[in-house]
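What follows is a set of notes on a single structure, which appears directly below.
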Amino acid sequence: MATTTPFRSRLLILPPPPAGPTAAVSLRRRPPAATLRSSSRRRSPRLAARAAPPGGAVAPAQSASAPAAEEEKGEDRGEGLSAAEAERLVEFLRADLPHLFDDVGIDRAAYDDRVRFRDPITRHDTIDGYLFNIRLLKLLFRPDFYLHAVKQTGPYEITTRWTMVMKFMLLPWKPELVFTGVSIMGVNPQNLKFNSHVDLWDSIQNNEYFSFEGLLDVFKQLRIYKNPDIETPNYLILKKTANYEVRSYAPFLIVEAKGDKLTGSSGFNDVTGYIFGKNASSEKIPMTTPVFTQASDDKISDVSIQIVLPMNKDLNSLPAPNTEAVTLRKVEGGIAAVKKFSGRPKEDIVLRKEKDLRSQLLKDGLKPQQGCLLARYNDPRTQSFLMERGADMAE
């Protein structure tokens, strides 16, 4: 009978992919921190982003020699952006914002000199202050910015959804901070330049400046904490709330055997035996994290135990199992809702966490599939998590 060391866990509920097309995102690798990409590296010149989108320049909307009557017409326009103007600004932001923290930078000409910037802990009222804030973040945090969606949400308003991942370089343990949210971009009707930028974080309720809840969120993420230096599946956090995360996982491979319950160890010797050399070529395969137990039904009765295989492997290069009890499989990845928790994952605790997570997702208008996964780690510093499939990201 296999024995287990105290694990720390995460519970995951994985959703089906959204019905409509979704914006492509670059998944963030989760191996050792040193291998993570930094968005502040030099990139090739951004000619396309500087060029005027189809139909004319983004800002200003009219030339300095335009008739005064046109200026008066702009002052009186109460109908909002035209479809062409809105699309032009949306496409501009899609091209421009990915350069927020690289050496190309955002296009200053697209913003009013008196642009108003607010987030829960920062405010500026000029373009110079706005750009200073960006430079400060680059210096202290080496941020990675991921743009997920851009759409018009008001007559003179465009909203973006994003993820920002930052490492605080001044602390020896270089903690990683993750923020997700939306930016509400106001547009000046007279010149179609952006005159306001308000960030709302998913992780807090009070997004007004100055938010002590926001400051506490920052300090909580600065704690001394380090993930184990072992390979794990790649993912990007799409939405981080106070209660759960929504992640996008890249595909990965697993070795799998029949389990007995979510917190059980039945089948563990079979899957570990495979990676320790009990396979057709006696090949020893590097250990990864986490150990998954998956329940594929709503009664949590059909359970399997899984170990993630190294990312540089494919099904054709892996040795065949020695026993029919073990199978190899590719997990296609996708969207998952994740709830982290500490302590030894007893069955009643995990089932309660699963119920809580599912309830939170439904309350927020997300649609989880049946079943879930429990992810366990044998490093006591690492929180476990519960995952559920099917949390459609509807905005």
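The H on the amide N of LYS239, modeled in the peptide plane, is under 5 Å from the matching H of VAL246, each at least 5 residues off or on a different chain. Quick check: from the Cα gyration tensor, does region 244-289 come out rounded (a/c under 1.5), prolate or oblate? Oblate is the answer for region 244-289, as a/c is 1.5 or above yet b/c matches or exceeds a/b. Site pair ASN206 and ARG114 shows an inter-label distance of 3.0 nm when each label is modelled 7 Å from Cα along Cα→Cβ. Once the C-beta distance of GLU332 and GLN190 is scaled by a Förster radius of 35 Å, the resulting FRET efficiency is 0.10 to the nearest 0.05.
Only residues of region 271-304 count here: report those whose backbone N is under 20 Å from the spot 7 Å along Cα→Cβ of ASN312, or say none. Answer for region 271-304: 275-277, 281-290.
Of the residues ILE300, ILE275, the one with the largest accessible area comes first in the ranking ILE300, ILE275, computed with a 1.4 Å probe on protein heavy atoms. By a 1.4 Å probe calculation restricted to protein chains, GLU176 has an accessible surface near 50 Å², given to the nearest 10. For LYS193, the solvent-accessible surface with a 1.4 Å probe is about 50 Å², rounded to the nearest 10. Summarising the label geometry, the points placed 7 Å from Cα in the beta-carbon direction at LEU136 and LYS363 lie 3.5 nm from one another. Taking 18 Å as the limit for the C-alpha separation, the pairs LYS151/LYS363; LYS174/LYS339; LYS239/LYS261; LYS240/LYS299; LYS258/LYS299 exceed it in the case of LYS151/LYS363; LYS174/LYS339; LYS239/LYS261; LYS240/LYS299.
Taking each residue as 0.36 nm, the span from GLN370 to ALA84 lengthens on full extension beyond its C-alpha to C-alpha distance by 98.7 nm.
For region 83-164, the solvent-accessible area works out to 42 Å² per residue, with a probe of 1.4 Å and every protein chain left in place.
Rounded to the nearest Hz, the phi-derived 3J(HN,Hα) couplings of region 207-215 under the Karplus curve 6.51 cos²θ - 1.76 cosθ + 1.60 (θ = phi - 60°) are 9, 6, 7, 9, 9, 5, 5, x, 4, where x marks glycine and proline.
At full extension, ASP128 and GLU347 could sit 73.3 nm farther apart than now, given 0.36 nm per residue minus the alpha carbon distance. Estimated at the nearest 10 Å², the accessible area of HIS197 is 20 Å² with a 1.4 Å probe. Accessible area per residue (1.4 Å probe, heavy atoms of protein chains only) ranks MET311, MET287, MET185 as MET287, MET311, MET185, with the largest value leading. Less than 5 angstrom separates the built amide H of HIS148 from those of ARG161, TRP162, THR163, all sequence-distant by 5 or more or on a different chain. Entry comment: accessible area of region 298-371 is 57 Å² per residue, from protein heavy atoms only and a probe of 1.4 Å.
Placing R0 at 45 angstrom, the Cβ-Cβ distance between THR153 and TRP173 gives a FRET efficiency of 0.70 after rounding to 0.05.
At a probe radius of 1.4 angstrom, the accessible area of region 212-291 per residue rounds to 45 square angstrom. Distances between placed amide hydrogens fall under 5 Å for ASP125 paired with PHE117, all partners being 5 or more residues away or on another chain. Using the Cα gyration tensor of region 218-344, with a ≥ b ≥ c the square roots of its eigenvalues, what is the shape: rounded (a/c below 1.5), prolate (a/b larger than b/c) or oblate (neither)? The shape class here is prolate. With the simple spin-label model, which puts each label point 7 Å out from Cα in the Cβ direction, the ASP302 to PHE219 separation comes to 4.9 nm.
The values are calculated or read from the model by the stated rules, or taken from the named source; none is laboratory data. Keep in mind the model is a prediction, meaning the values are calculated, not measured. All Cβ positions, glycine included, derive from the backbone under ideal geometry; neighbour counts span all protein chains shown. The area values use the complete protein model at the heavy-atom level, side chains included, leaving out ligands, DNA and RNA. Shrake-Rupley method; radii C 1.70, N 1.55, O 1.52, S 1.80 Å.
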